[in-house]
Amino acid sequence: MTSCTKQVLAKQLRLYFVCGTTDASDLVTTVKTALRCGVTCFQFREKGKDALYGDEKEAMARTLQHECREAKVPFIINDDVELALAIDADGIHVGQDDLPAKQVRERLGPDKWLGVSVHTMEEVSAALPFADYVGIGPIHETRSKLDAGIVRGTELIQQVRRHYPLLPIVGIGGIRPDHVPAIIDDGADGVAVISAIASAPDVAEATRRFACL
Ligand SMILES: C=C1C=NC(C(F)(F)F)=NC1=N
Ligand SMILES: [Mg+2]
């Protein structure tokens, strides 16, 4: 990826909404509202015991993909490489316990986005040849991911930024609007948000509180 496309991608990561049916009571309405109010990237992350699967999951993915296309916002799928390929998603995000980034990149090809969750400098350097961006967290206590791991603040974001000045970085985990300036100052290009938007009584207002930063 050229440094120009890295910069374009980094800007697109500014307000990265990550959501699935178990995070929001009405996922389609929530995503449409968030897209209308300033989200710059969306990830369909369908996890948990009541998560959709099979044809229902694909149908939901296609619906959300349509809304993202209308809003000109990248549509990323979490974990599910086959689904991402089947519906020609804009990219995929994988964690350390998913298919290795090298294999995902081989399946995905060079033109799709690949994001990788990382927790150590070793995981960063392993992801580097294949990933377009890295997700680092949890920065704060999170309710959205039961196996999120230890709360780490922005220590790793700062370290990764020092070693890889151009690598697109998004911070995730328990992020509220008042956290954002420090996360960006410490080297992230953007923040990924789940419950601060998905669980908000007013999704439009909650999204705007992030989007204006
Ligand atoms: C576990 C995750 C960590 N980071 C990200 C992202 F913000 F997109 F980088 N998404 C995830 N699903
Ligand atoms: Mg995963």
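The values are calculated or read from the model by the stated rules, or taken from the named source; none is laboratory data. Just so it is clear, the model here is predicted, and its values are computed rather than measured. Note: ideal-geometry Cβ built from the backbone for every residue, glycine included; neighbour counts use all protein chains shown.
Worth pointing out:
- Check on residue 85, of a type outside the set (Ser, Thr, Tyr) and over 25 Å from residue 199 (Cβ atoms): yes
- Checking residue 46 against (1) touching a residue at least 40 places away in the same chain (Cβ under 8 Å); (2) in contact with a Gly (Cβ under 9 Å, 6 or more places away or on another chain); (3) crowded, with 20+ Cβ neighbours inside 10 Å, the condition it does not meet: (1)
- Residue match in region 53-61 (condition: more than 16 Å from ligand 1 (Cβ to nearest atom) and in contact with a Phe, Trp or Tyr (Cβ under 7 Å, 6 or more places away or on another chain)): no
- Per-region count, region 1-38, residues out of contact with any helix residue (DSSP H, G or I) (no Cβ under 6 Å at 6 or more places or on another chain), in a loop (DSSP other than H, G, I, E, B) and more than 16 Å from ligand 2 (Cβ to nearest atom): 6
- Count of region 116-162 residues, restricted to those that are over 22 Å from residue 9 (Cβ atoms) and within 16 Å of ligand 2 (Cβ to nearest atom), is 8.
- Hits in region 139-177 - residues which are within 11 Å of ligand 1 (Cβ to nearest atom) and farther than 20 Å from residue 209 by Cα: 145, 147, 148, 149, 168, 169
- Whenever a residue of region 82-102 is polar (S, T, N, Q), its partners that are within 12 Å of ligand 2 (Cβ to nearest atom), lying with C-beta atoms within less than 7 angstrom and at least six residues away or across chains, give the pairs 96/117.
- For region 8-24, the criterion of being surrounded by fewer than 16 Cβ atoms within 10 Å (Cβ to Cβ), acidic (Asp, Glu) and modelled with pLDDT of 95 or more is met by no residue.
- Under the condition of being surrounded by 15 or more Cβ atoms within 10 Å (Cβ to Cβ) and under 27 Å from residue 5 (Cβ atoms), the residues counted in region 198-212 number 3.
- Matching residues, region 161-213, being assigned to a helix (DSSP H, G or I), farther than 15 Å from residue 17 by Cα and not basic (Lys, Arg): 163, 178, 179, 181, 182, 183, 184, 185
- Test for residue 21: is it more than 20 Å from residue 142 (Cβ to Cβ) and hydroxyl-bearing (Ser, Thr, Tyr): no
- Residue within region 173-189 that is farther than 18 Å from residue 34 by Cβ and of a type in the set (Val, Ile, Thr) present: yes
- Which listed residue, of 173, 109, 187, is crowded, with 18+ Cβ neighbours inside 10 Å, within 28 Å of residue 80 (Cα to Cα) and not β-branched (Val, Ile, Thr): 173
- Exclusive hit being closer than 30 Å to residue 205 by Cα and surrounded by 15 or more Cβ atoms within 10 Å (Cβ to Cβ), set 98, 79: 79
- Residue that is nearest to ligand 1 (Cβ to nearest atom), among those in region 65-102 that are of a type in the set (Asp, Glu) and within 23 Å of residue 125 (Cβ to Cβ): 79
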